[in-house]
Amino acid sequence: MMNPTDFEKIIYTVNDGVALVTLDNPERRNAWGGRMSVEYRWALHHAHIDTDVRVVVVTGGGEDFCVGADSQDLKTIEQSGGNYQKTKLELPPYPEGTPESFQRNHAYPLSISKPIIAAVNGACAGVGFLVASYADFRFGASNNKIKSSFARLGLPAEYGLGWLLPRMMGRANALQILLDGDRIDGQEALRLGWLQKLHEPEELLNKTLEYAKKLAKESSGFSMACMKRQINFDAEGNYSDAYTRSVEDMNTALTKPDFKEGLRALKERRPTNFLDL
């Protein structure tokens, strides 16, 4: 098992119900490599199992989110004729209940029970674009430089993005952001539906953490876990099964302390506080 104290390319902290996961390779603009990939997955695993964590925020250390795969790794792959050596580090298990079809490395963020918000700072390209896309939603900045990059490198939409993006932003917008590979700014990414909120660069992380902390305190952890599973997994099945499971979830919810807190807050006309339960 890899603990946060073992991380070399990720900084992991928890405050006020929010796990902040920072990609920490700023001297290479957070270029993505095997070690960072494994540590990121372990960071999400720790957030998933930690009862003190309700929401996850992922961002890039320094000025950029992630400019893509480390060029040193890409050069090695090109020189070896397309072969690459997988990083030989232990990976965390998939959360219980993860459908077999979603047990794929880059889909790991979909399976954890906590919502993930990407605070996309500065440049975000290639695999950085992929990592941010697999977050549950994204807040960006006015100075963003966002590129999918794949078509310009002769690559397909990698690791399930061709399935994910149309569900997120519609078919035409997904094709636009993938096919031309042009750099877009935060305003255009917001218009296309890839970003959900836009802030000034100096306010992005604080505004995202502020939102995440409010979510952690005022939205039920049980509810958020159910809703994330319903959206990511149940919606891919048939309506009858999804409906039946939602009734089962409702019956379970009625027995939880979260429901009692919701009723008390409603009666007392105050904001809910699920962190103190």
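The values are calculated or read from the model by the stated rules, or taken from the named source; none is laboratory data. Because the structure is predicted, anything quoted here is derived from the model rather than measured. Heads up, the Cβs are rebuilt from the backbone with ideal geometry, glycines too, and the neighbour counts pull from every protein chain shown. When the accessible area is computed, the model is the full protein with side chains, heavy atoms only, and any ligands, DNA or RNA have been set aside. Shrake-Rupley method; radii C 1.70, N 1.55, O 1.52, S 1.80 Å.
List of remarks:
- Selected residue [surrounded by fewer than 16 Cβ atoms within 10 Å (Cβ to Cβ) and not acidic (Asp, Glu)] from Leu209, Leu275: Leu275
- Residue-level check: of (1) open to solvent by less than 10 Å² (accessible area, probe 1.4 Å); (2) at pLDDT below 95, Gln85 misses just (1).
- Restricting the first member to segment 180-205 and to residues that are farther than 21 Å from Gly68 by Cα, and the second to residues that are of a type in the set (D, E, K, R) and open to solvent by 30 Å² or more (accessible area, probe 1.4 Å), the beta-carbon pairs closer than 6 Å and six or more apart or on different chains are His199/Lys207.
- Within segment 257-275, residues that are in a helix (DSSP H, G or I) sit with their Cβ atoms under 7 Å from residues that are exposed (fewer than 11 other Cβ atoms within 10 Å of the Cβ), at 6+ positions apart or across chains, in these pairs: Ala265/Pro271.
- The set of residues in segment 216-239 being aliphatic (A, V, I, L, M), surrounded by 18 or more Cβ atoms within 10 Å (Cβ to Cβ) and more than 15 Å from the chain's Cα centre (by Cα) consists of Ala216 alone.
- Positions within segment 135-152 being within 25 Å of Tyr108 (Cα to Cα) and modelled with pLDDT of 90 or more, in sequence order: Ala135, Asp136, Phe137, Arg138, Phe139, Gly140, Ile146, Lys147, Ser148
- Here Gly97 does not fit the description of being modelled with pLDDT under 95, under 18 Å from Gly34 (Cβ atoms), not charged (D, E, K, R) and not in a helix (DSSP H, G or I).
- Some residue of segment 17-28 being open to solvent by 20 Å² or more (accessible area, probe 1.4 Å) and over 21 Å from Leu209 (Cβ atoms): yes
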